[in-house]
Amino acid sequence: MGGQGRTEGEAVTGDVKVHRRPGPTLTLKAGTGDLEWVYEKNAPAVNRLETGTGDIHISVATACNVALELETGTGQ
């Protein structure tokens, strides 16, 4: 089971990494930096990852039903 509340991570400059299941929602933001989210089981229902300059790296279970919102200004 995941946490009970929201999981939020934010960095103005730097990377944000999450390697465990968060609560029912996950929001990661970076002004300049990469975002990384790795989880091998079912994902939360709502997930938003946003970076101004940086890459977004995601690894979730192949059979997981997940909705993603991904945004990067300059990056992959």
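The values are calculated or read from the model by the stated rules, or taken from the named source; none is laboratory data. Note that the structure is a prediction, hence the values are computed from the model and not measured. The area values use the complete protein model at the heavy-atom level, side chains included, leaving out ligands, DNA and RNA. Shrake-Rupley method; radii C 1.70, N 1.55, O 1.52, S 1.80 Å.
Some observations on this one:
- Rounded accessible area of Val12 (nearest 10 Å², 1.4 Å probe): 120 Å²
- Listed residues Arg20, Arg6 arranged by accessible area, highest first, probe 1.4 Å: Arg20, Arg6
- Accessible-area order (highest first, 1.4 angstrom probe) of the listed residues Asp34, Asp15: Asp15, Asp34
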